[in-house]
Every structure is written in C-alpha cells, then in structure tokens.
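Engineer: The structure is given below, and queries will be raised subsequently.
The values are calculated or read from the model by the stated rules, or taken from the named source; none is laboratory data. Please read all numbers here as calculations on a predicted model, not as lab measurements. Note that we place each Cβ from the backbone using ideal geometry, even for glycine, and neighbour counts take in every protein chain shown. Note: areas computed on protein heavy atoms with side chains; ligands, DNA, RNA excluded. Shrake-Rupley method; radii C 1.70, N 1.55, O 1.52, S 1.80 Å.
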Protein chains: 2
Amino acid sequence: MDPRVKEHAAIVADWSTSIEAGDQVLIECQEGGEVLAEALVGEVGERGGQPLVVFTSASASRAFLKRAPAKTVEAEPLHVRAAMEESDVIVHIRAGANTREMSDVDPAMRKARRKANEEIREIRLSKRWCLTMHPTQALAQEAGMSTEAFQELYYDAVLIDWETFAKEIEKVADRFEGADEVRLVSKDTDLVMPVTGRTFVPSIGDHNLPSGEAFTAPLLEGTEGTVHIDLPAIVEGQEVHGLTLTFEDGEVTDWDAEKGEGAVESLLETDEGARRLGELGIGMNRGIDKPTRNILLDEKMGGTIHLALGRAYKECGGENHSAVHQDFIKTMDEGSKILVDGDTVQRDGAFWYEESF
Amino acid sequence: MDPRVKEHAAIVADWSTSIEAGDQVLIECQEGGEVLAEALVGEVGERGGQPLVVFTSASASRAFLKRAPAKTVEAEPLHVRAAMEESDVIVHIRAGANTREMSDVDPAMRKARRKANEEIREIRLSKRWCLTMHPTQALAQEAGMSTEAFQELYYDAVLIDWETFAKEIEKVADRFEGADEVRLVSKDTDLVMPVTGRTFVPSIGDHNLPSGEAFTAPLLEGTEGTVHIDLPAIVEGQEVHGLTLTFEDGEVTDWDAEKGEGAVESLLETDEGARRLGELGIGMNRGIDKPTRNILLDEKMGGTIHLALGRAYKECGGENHSAVHQDFIKTMDEGSKILVDGDTVQRDGAFWYEESF
C-alpha cells in the first residue's frame, strides 16, 4: 500500500473524527476508493472502533436511477437509515472511475433521490462526520493532470501539520466574526452579503479533509449584486462554465451560464432554498495551487472564495433549507478584494497579515 | 458489462430472492465482485427494492483483525446489526482478490470475530438470503484454471433453467425424506448417519446460487464410522488436504489431515458444535464438472457428497449450534455407494433413476 494512503487514513481517524474505543464507524466509499477504505478499517480497528464499509458506486447509482420506478426512487432506504442512526462517525470517501457516469441520468430522478435521502443526510450531519477523497485516475483526468501529479497535489494538501494550519484558519475566521456584511469585488463581480449574527467556522480538516477555509452562511435575505464564477463546476454530473448569478434580496433573480445551462436550471428548480446562498467560504489551503475541477479541493484553494446555493450548515447559524448544496468557486486574484464591514481584509489574494498584502 | 453478469443478477433477483416492491435489499460484496453488485443494484431498483451495498474485503478484515484490540474484535458491530435487522433480503457476493489474504491472521482472532457476529448471522438467516459468487481472477487461480475457463464453468452452473433442474433435485430429496439412516460407502469410508425425523431440503438456487443439492442435518447423536475427504478444503484461510474424520456417537473422536492440521484443530476447538455434523449434502449440479477448490461450487458438483462440521440449518430440523459451518467435500465415483435405510440410491455417482445406474 502507498504509505500516503495509510498516513491519510490515520489523519482521518485521529485529527478529523477522533475515533475512540466503542465508536461505530460507517465508511461510505465510492468505487476506486477501496484501498483507502481498507486502510481506514485498520485504523478504526486499532482505535477500538467498529467499521462498516458501504460501497456507493456511480454506475450502481446510475443503474438504480435509470431502472427503478419513480415511487422507489422517492422512497427512503430504511436499512441505510438504520445503519446511519446506529453510527457515531461517518466517513465519506469520494473517488470514482468516471466523473461523468451520471451525465445521462434524468435530473428529475436525481432530484427525487436527493429528496428521499434528505433525512438520512440530516442524520449524518448530526454525527461526527468527515468527507474526504481518494485521488483516483478519473479525478486526475478531470483535473487535466497525470495521476502521479494529481496525487502529489492531493497529498500536499492533506498530509500537512493540521495543528499549525488550524491556528491560521482560526485567525481568519475571527477577523470575520461579528461583522454585519461581507463584500466581494473583482472584475464582473460586486456582491454584498449580510452576515449579522452568523458564525464564521474555521474548517480545519475535521468535516472536510483536505480543508483550509473559513465559512459562514449569509442571511436568508439581503444578499444583493452580481457574482461571476470563473472556475468550472460539475452540477448534476454536467460541466458548468462561466456562470453569472444575480441576487436581489437574497434570491437568485437572474443567471447566465456559458455552458451547462440545463443543469443550473434543474438545480435552481430543486426547491426554494436552492435559489438562496447557503454558504460563503474563503479558501486558504495553498497546497492546492491550481484548480482541479474538484469542489472538495478547489473550494479550499488559497486565493479563492466559494459560494454555495442550497442547504446551509447549522454550525454557522445558517437557516437555508434545501435538498441540495452546490458549491461554486471563484478566484480572487489580481484586482480582487474582500471587504468586511468596509475594511479590506484580502487584496489580490493576500490576507491582511501576509507580507504581500 | 459482460451480459452473463446481468443475467446472473436477474436470476438472483427473481429466482433466488423474489425481490419485489418495497424490499430493503442488503448486498454484501467482497472485493472484485463490485460489477455484480452494481448489476444487482439495477435489478433491485427495477423491481422496486431499495439497495444497500456493504463492501467486505479480505484485506480490510485482515487489517481489522491484526490491529484491533481483542475487546473490539469480540464486540458486535451495532450498525451492521441495525442494517441487517431493517433488511428483507440479504445477498452475499463471494469474490476476492487473494483467497489466502487471511492466512497470516491469528485463528483465535478470527474465531472471536465469528462469535461476535453470531447473532448477526442468525438475523441474516431469518431473512430471504442468497449466497452467490462472482468469478474473479483469484478464484480462477485457486481453481487452477484460466479466468475465461473458470468463468465458463461458473456460468454453466448458474445460467441454467432452474425450474426444470429444481424438479430433479426435489425428486432426490423426496427419496431420502422419511428415512432413518444414510450410509456412505467408498474406499476408506464407511459412515452411518441417523436422520430420523429430519427434513431433506432440495437446494434449488435460492439460498445458494449456484446450487443443486439435497441436504439435511444428521441427528446430534449416533453418527458412527469414518469418512475420508479426498477434495481439498480451505479452513480459516488455510488449505486442508486428505482429511479423515472418525465419529463416535455423533462426535469427532479422532482425525488426521495430510495438510492443514492447525486449521482443523482450531476449527474443532471453536465450540462443542464444531465437533458434530451440521450437514449432509448430495451434490447434483453437473455444470460443475471438476473440483475448483471453492466450496460453494464443489459441494454442488454432481457425483459428490459433502459434510459440514458445525451449525445446522434450521429448515432441516437440525439442532447443532456452533459459530462455524465448515463444509468438506468428497467425491462418490467408481466404487462408491449411497444407501438409504439399506437401499442403494446412488452407485458410482449415478442416481437410481439415471440410465447409467
């Protein structure tokens, strides 16, 4: 086994989820991530936990969604719920053999399945949970990189001293905490988001690994302006490019995409919450030094921000409910600014405490 | 996807487990069997069932058993139990990437884990359940065959007209039903097993796929004589060759093995039930035309019988309790006889109703 896989598994078990004796640990693993699941089972066992690996492959999901009657797609899987309820820790391993495997599945069926699984998702979020990834060939391909180069980028972002990095992330979160509004300014973008009373959460490698961001949930109402998303996103298995979103009083009232319009439309129609922001995040992980078209990595990239439509995380005090949580990432480089109550805290991608500011 | 995989999955869903709308279906899948699991997910969905795939790889089990403290190995995984309880149908897919993966695991740990899972096994047996297999390269290697040849043998045994074959198996079960004793005679073997009041179950591809056997559970007491097992068996990951078992009043009182003595010793010491017969089976599937060192196939081979030490199946009226159920297979060819209350019902591998008898 690649020693990095074992090291990764140990970070998940200790830093991210603090596994200890007696923990029931449910490991959800996509195809291609089996080696990390196997390594995690060993780490869980060593710490006295009970592992259960659930295999969730995109081709199986596709077969299910293409062949099951709508009534079945809309029904909650009771055994999945039972296993989730009985678990203390949930680790989800993103991997995959083809990132476009779901591209020919009816979006209505995908939406229905997301709704069927909504309570199960809530149960998961009430546990100690960690979303991580295994750098498969398909993910390297998506990033436009060789597998070796992609693995190097990935492990540069994951196998780091999380204790030291966590302190820096907490410093940034503290700077935003207590503010009334955050404003993003750059080419094609001027967006004001009210955040009064919200919490800025330092994401330090617990719920997401890798992580390295400070995030919050804007208020349900009051977000105004336009944001241009320059990095591509994968929405419902389809590529979305050059998305511009315009908000009025918190809701998307106008939008345009150079590519992937159908997916954006389906996303926005999921429910009312899908048209409101659930998250504003500030990426800080400089191990991720270029976009990989992988949201888990790209949203953490140093010098980026991301906005999510849909479900807000409760730990921010967020109130937006939705069956979806779709992130979009934007680079904040040359000419960009982040303002907190009018003060510039990041300019051209550099934070106030950095020499290059 | 190999069309045979899809056909196999459809037989599991229809013939073996009669999946219908609303069924919660738990699919346990060993590594290398993912493609069959994926096919099954589609079949389950098509019939209105909810699939959940649990991934059980030997290398993960090995890592767990080598690294977990004894207390953890001895504890029941509560989330596994919860998922099992909530399921209507359990399909277990045997596969694997290395049949000897468990060969360097402490047998005491394996035994402890079996005990920890004993109630979960009972729950599984109370559901509609099917044990099947996916013909991986490792299983072909174990059989001493090319992957292609092994797949051909496998699908010859699986992709058949189960309705017609079931009638033949039922005829054989009926011939044994109501008997007081079954006697096996061949070179090095003369074993008498009392079966008064027991049921002979026709195994027609429901609980095992492939199947093709009639089986019962001998009485707890009264089995007398010696049986020589000429085919190799894998016991606790180790190969056992040339096993001879001697029974007195139902219990193994003497034994000898040319190879794998340690594994046999550990097996017999599991508990009291491990020293008594839990099963006598008559193999009838002529699609399996040579031994493959795979118990699921070999025990169904036309012209063989098998005996299991340990747990008896309740549907036979069996009373033996144990944490193990270990099968051993013996060929009944030239010079062999099976007698039912003194009447020869099989001679040189041919049944009474066959022309070659």
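Engineer: Count the DSSP beta bridges whose two residues both fall in chain A, then state the antiparallel fraction as a percent rounded to the nearest 5.
Structural biologist: Looking only at bridges with both residues in chain A, the antiparallel portion is about 75 percent.
Engineer: Additional query: Send over the Kirkwood Rh of segment A:162-351, from the inverse of the averaged 1/r over different Cα pairs, rounded to one decimal Å.
Structural biologist: 16.1 Å
Engineer: Between B:Asp156 and A:Glu355, what's the calculated FRET efficiency when r is the beta-carbon distance and R0 is 56 Å? Round to 0.05.
Structural biologist: The computed FRET efficiency comes out at 0.20.
Engineer: Taking H placed 1.01 Å from N in the peptide plane, check which residues at least 5 places from A:His325 or on another chain put their amide H under 5 Å from its amide H.
Structural biologist: It is A:Arg311, by chain and number.
Engineer: Using only the alpha carbons, work out the radius of gyration and Dmax of chain B in angstrom.
Structural biologist: 19.6, 59
Engineer: Throw me the Rg/Rh for segment B:3-158, computed over C-alpha atoms with Kirkwood Rh, two decimals.
Structural biologist: On the way: Rg = 16.3 Å, Rh = 16.5 Å.
My calculation of the ratio gives 0.99.
Engineer: Taking just the C-alpha trace of segment A:1-63, give me its Rg and Dmax in Å.
Structural biologist: Taking only Cα atoms of segment A:1-63, I get Rg and Dmax of 12.2, 38 Å.
Engineer: How large is ³J(HN,Hα), in whole Hz, for each residue of segment A:213-221 in order, when computed from phi with the Karplus curve 6.51 cos²θ - 1.76 cosθ + 1.60 and θ = phi - 60°, using x for Gly and Pro?
Structural biologist: After applying 6.51 cos²θ - 1.76 cosθ + 1.60, I find 7, 10, 9, 8, 10, x, 4, 4, 10 Hz.
Engineer: Skip the ligands, DNA and RNA, and give the accessible area per residue of segment A:3-158 with a 1.4 Å probe, whole Å².
Structural biologist: 36 Å²
Engineer: Provide the descending list of Cα extents for segment A:70-125 along its principal axes, expressed in whole angstroms.
Structural biologist: Principal-axis extents of the Cα atoms in segment A:70-125, largest first: 35, 29, 16 Å.
Engineer: For the protein assembly as shown, give the magnitude of the charge dipole about the Cα centre (Cβ charges: +1 Lys/Arg, -1 Asp/Glu; no others), in debye to the nearest 20.
Structural biologist: 20 debye
Engineer: Would you mind checking which residues have amide H under 5 Å from B:Ala214's amide H? H placed 1.01 Å from N; only 5 or more apart, or other chain.
Structural biologist: B:Ser203, B:Ile282
Engineer: Taking the Cα centroid of segment B:289-355 and of segment A:136-184, what is the distance between the two, rounded to the nearest whole Å?
Structural biologist: About 60 Å separates the Cα centre of segment B:289-355 from the one of segment A:136-184.
Engineer: May I ask you to rank B:Ser356, A:Ser59, A:Ser18, A:Ser203 by accessible area, largest first, using a 1.4 Å probe over the protein chains only? Display every interim value, and only then the final one.
Structural biologist: Values: B:Ser356 95, A:Ser59 35, A:Ser18 65, A:Ser203 5 Å².
The ranking, largest first, comes out as B:Ser356, A:Ser18, A:Ser59, A:Ser203.
Engineer: Ordering B:Tyr353, A:Tyr155 from largest to smallest accessible area (1.4 angstrom probe), what's the sequence?
Structural biologist: The most accessible residue leads, giving B:Tyr353, A:Tyr155.
Engineer: Counting only residues 5 or more places away or on other chains, whose amide H sits under 5 Å from the amide H of A:Thr344 once H atoms are built in the peptide plane?
Structural biologist: Result for A:Thr344 returns nothing.
Engineer: Something else now. Output ³J(HN,Hα) for segment A:309-322: one whole-Hz value per residue in order, computed from phi by the Karplus curve 6.51 cos²θ - 1.76 cosθ + 1.60 with θ = phi - 60°, and x for Gly and Pro.
Structural biologist: 8, x, 3, 9, 7, 5, 5, 8, x, x, 10, 6, 10, 6
Engineer: I would also like to ask the following. Using a 7 Å offset from Cα along the direction of the beta-carbon, what are the separations from B:Leu125 to the same position in each other copy, nm, ascending?
Structural biologist: The answer, with the shortest distance listed first, is 4.3 nm.
Engineer: Moving on. Evaluate the Kirkwood expression for the hydrodynamic radius of segment A:158-225, namely the inverse of the mean inverse distance over all pairs of different C-alpha atoms, and round to one decimal in Å.
Structural biologist: So the Kirkwood estimate lands at 13.1 Å.
Engineer: Residue farthest toward the positive end of the dipole of chain A, with Cβ of Lys/Arg at +1 and Asp/Glu at -1: which of A:Leu65, A:Ala9, A:Ile123?
Structural biologist: Farthest along the dipole direction, towards plus: A:Leu65.
Engineer: What does the buried accessible surface come to for A and B, summed over both chains, with the probe at 1.4 Å? Round to 100 Å².
Structural biologist: Summing both chains' loss of accessible area gives about 3300 Å².
Engineer: What are the distances, in nm and sorted shortest first, from the label point of B:Glu148 to the label points of the same position in each other copy, with each label point placed 7 Å from Cα along the Cα-to-Cβ direction?
Structural biologist: 3.4
Engineer: Limiting things to C-alpha atoms, what are the Rg and the maximum Cα-Cα separation (Dmax) for the protein assembly as shown, in angstroms?
Structural biologist: 29.6, 99
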